[in-house]
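The values are calculated or read from the model by the stated rules, or taken from the named source; none is laboratory data. Please read these numbers as outputs of a predicted model, since none were measured by experiment. Neighbour counts are summed over all protein chains in view; Cβ atoms, including those assigned to glycine, are modelled from backbone coordinates with ideal geometry. Only protein heavy atoms, including side chains, enter the accessible area calculation; ligands, DNA and RNA are left aside. Shrake-Rupley method; radii C 1.70, N 1.55, O 1.52, S 1.80 Å.
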Amino acid sequence: MIDRATVERILDATEIVDVVSEFVTLRKRGVNYVGLCPFHDDKTPSFYVSPSKGVCKCFACGKGGNAVHFLMEHEQITYPEALRWLARKYNIEIKERELSDEERREQSERESMFIVNEWAMDYFRDVLNNDSDGRAIGRQYFRSRGFRDDIIAKFNLGYALRRRDALSAAALAKGYKEEFLVKTGLCYKRDGGGLTDRYAGRVIFPWLNVSGKVVAFGGRLLDSRTKGVQQKYVNSPDSDIYHKDHELYGIFQAKKAIVKEDRVFMVEGYTDVISMHQCGIENVVANSGTALSKHQIRLLRRFTPNIVLLYDGDEAGIHAAMRGTDMLLSEGMNIKVLVLPDGDDPDSFSRKHTAAEFSEYIERHQTDFIEFKTALMLRGVTDPVKRSEAISSIVKSVSVIPDQITRDTYLHECAVRLRMSERTLLSTMNRFISGEKEEQAKEAEREERRQQRETAAAGPQQAPVGLHTAEEQAGEVERMLVSEIIRHGEETIFEGLETEDGQTVNLSVAQYIDYDLGQDGIRFSNETYNRILAEAAEHSGEEGFKAENYFIHHPDIGISAVAGELAISPYRLSRSLKMEQTAESLRLRVTHLVLDLRMDITQKHIKELQRRLREAGSDMGRVEPLMKEYKDVLQLRNILARRIGSDLIT
């Protein structure tokens, strides 16, 4: 457990922009920062970070909060894990007691897998550095590849002993469960029982995700053992913490350089990444020989829209450069291709050249992707049919580019290069775009039908889309009131207000709402909202109390999550349309919202009485008192309507 004083030190040291920038490229806009939301497929920046409030929020999907909530959502970690992450970042020491056996069992399965992987990385690294076989075989292999010791340490490279149960025996002796050794893929069970190490006799390349957590491993057989072997590399299987199409090798070590250079190099393998780092080029990641997925592209897009595909000069390398490029273009990436001299890959080329020489070669020889594809597909093609197919493929690649100006620019250059009518190419491109839109519409229709079938199967519980129940309306008003409490709870809106006993008092936003609703025993339907109101009303009179800061950094994670979500207004007005906040405008807004809540509760009461009257039927003994109550509630509803200023509903 982390004590409260340490939690406060961690939160006080945390800078929201500093934390979010680890995962999202932010640009300053006024007093805030904006970037592409990491929680949904964001094409235009909708993710706002407020350094003054210490919160972030996406105005498209609604996710956000303070730095702790951001880490919990982004990294799928627990509250204590997020605090530990921040403590490591800001060099704050955490003193914790050892977890009991019962508490250890209660740790989530996902967290347990991360813990096992972290231990395994340390184990492989220790074997490489301190075991006689590790030094003689593993370290010697890495040195034969030209890797310096600092680079070996930077990428946490290791070695697995040849004995098939060396790791499993060490892990079990340390108290790690067999279940998680199997689920992470570090071991697999033999038919006769017992565990076998997956990576025995291999050098180890740990995979770190964007936040530095160990999600997987790659193991390579040494050169003397690879002849005739199909599986030179063995990688971790998919698991709850690792999906190969979601991760990129080297992203943790590269992310800061990617942002700084505003460009990322994409290579195929582990050693390509490591050698380029050693050469001095750090903004490089690998997709390990598979076609890029949308998950990987969107991960990169958060750091930069500019990507250079860096591959071998042989036929296989050129083929690799072509895979997934249409998907890159459709996600708004600006692609360049760099094919190295035949016989070289990024690993061998970087070992022959300095960083300056490599960078110079890149600048001289990188080619825009459309230009590269045009030259590649039409090289030596004389057959009219094959030429037509090649041109169609090029135009199709252009058609998926989302930005119209970029698309039209490419099409014009293609027309010049191909010596064809731009109108012909435009017509072809429009057919591709129309076909894609038609396919998307069909897919949307299929999805809608599927949802309708699920809704029908679930029964009539759901309200039609676009209609709101009384409960939903009341919930929205409650939300707006709590937003005012968080953002302005301590601000005075009534001065010299006379109480029933003749005294005069000043009331803040929170105190007024608490007083007004308390007159009739009205409570919010959300218990967290009730706690926020009660604490804000209690502390409003204290000197220096600021509701927003108090609730955003509240020790209760539920309260701080609500505060983080509601602290930023959902309305982003231009400076010319913004009105100056005054005590009067705040008072009017709050009192109107209180009346709206009372009206929503009254409307709900009316519907409940109507239901009970229908059930009573002709039983006058039940009908008469219900009718009297119904008349009183209607009268109250009409009074509220006049106070709100709405038209009277009869």
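Summing Lys, Arg as +1 and Asp, Glu as -1, what charge do residues with Cβ under 11 Å from the Cβ of residue 350 carry, residue 350 excluded? Before the final figure, lay out the partial values.
On the way: positive: 351, 352; negative: 272, 344, 345, 347, 357.
Spelling it out: positives minus negatives among the neighbours equals -3.
Suppose R0 equals 30 Å. What FRET efficiency, 1/(1 + (r/R0)^6) with r the Cβ-Cβ distance, do residue 291 and residue 29 give to the nearest 0.05? Working shown, then result.
On the way: r = 35 Å, r/R0 = 1.17.
Here the calculated transfer efficiency is 0.30.
I'd like the distance between the alpha-carbon centres of the stretch 422-442 and the stretch 25-49, rounded to an integer number of Å.
31
Percent antiparallel among DSSP beta bridges with both residues in the chain, to the nearest 5?
Working: 34 of 46 bridges.
Roughly 75 percent of the beta bridges in the chain run antiparallel, per DSSP.
Could you pull out every one of the lysines with an alpha carbon less than 20 Å from that of residue 260, ignoring same-chain neighbours closer than 8 positions?
Cα-Cα hits under 20 Å: 28, 89, 154, 336.
Could you state the accessible area per residue of the chain in Å², with a 1.4 Å probe and every protein chain left in place?
Values: 34060 Å² over 650 residues.
Spelled out: the 1.4 Å probe surface of the chain, per residue, equals 52 Å².
Normalising by the residue count of the stretch 304-413, find the relative contact order in percent from Cα pairs under 8 Å and 6+ residues apart. Each step should come with its number before you reach the end.
On the way: 112 pairs, mean separation 30.3, N = 110.
For the stretch 304-413, the relative contact order is 28 percent.
Would you mind putting 386-394, 213-221 in packing order, based on average other-beta-carbon counts within 10 Å, highest first?
Numbers: 386-394: 15.9, 213-221: 21.8.
Those peptides, ordered most packed to least, come out 213-221, 386-394.
Once ligands and nucleic acids are excluded and a 1.4 Å probe is used, how much of residue 588 is accessible, expressed in Å² to the nearest 10?
Estimated to the nearest 10 Å², residue 588 gives 90 Å².
Excluding residue 567 itself, calculate the net charge of residues whose Cβ lies under 10 Å from the Cβ of residue 567, where each Lys or Arg counts +1 and each Asp or Glu counts -1. Intermediate values should be presented prior to the final figure.
Details: positive: 53, 57, 487; negative: 548, 565.
Neighbourhood net charge equals +1.
What does the charge count near residue 325 come to, summing +1 for each Lys or Arg and -1 for each Asp or Glu among other residues with Cβ under 12 Å from its Cβ?
In short, +1.
Tell me the label only: which of (i) 40, 34, 25; (ii) 40, 29, 25; (iii) 56, 35, 25 is semi-axes √(5λ) of the Cα gyration tensor in Å as calculated from this structure?
Entry (iii).
If we sort 272-280, 45-53 on the protection proxy, mean other Cβ atoms within 10 Å, highest first, what's the order?
On the way: 272-280: 23.9, 45-53: 18.9.
Going from most to least packed, we get 272-280, 45-53.
Let's test the formula: R0 of 30 Å, r as the Cβ-Cβ distance of residue 383 and residue 409. What FRET efficiency results, to the nearest 0.05? Walk me through the numbers on the way to the answer.
Values: r = 29 Å, r/R0 = 0.98.
Taking R0 as 30 Å, the efficiency between residue 383 and residue 409 is 0.55.
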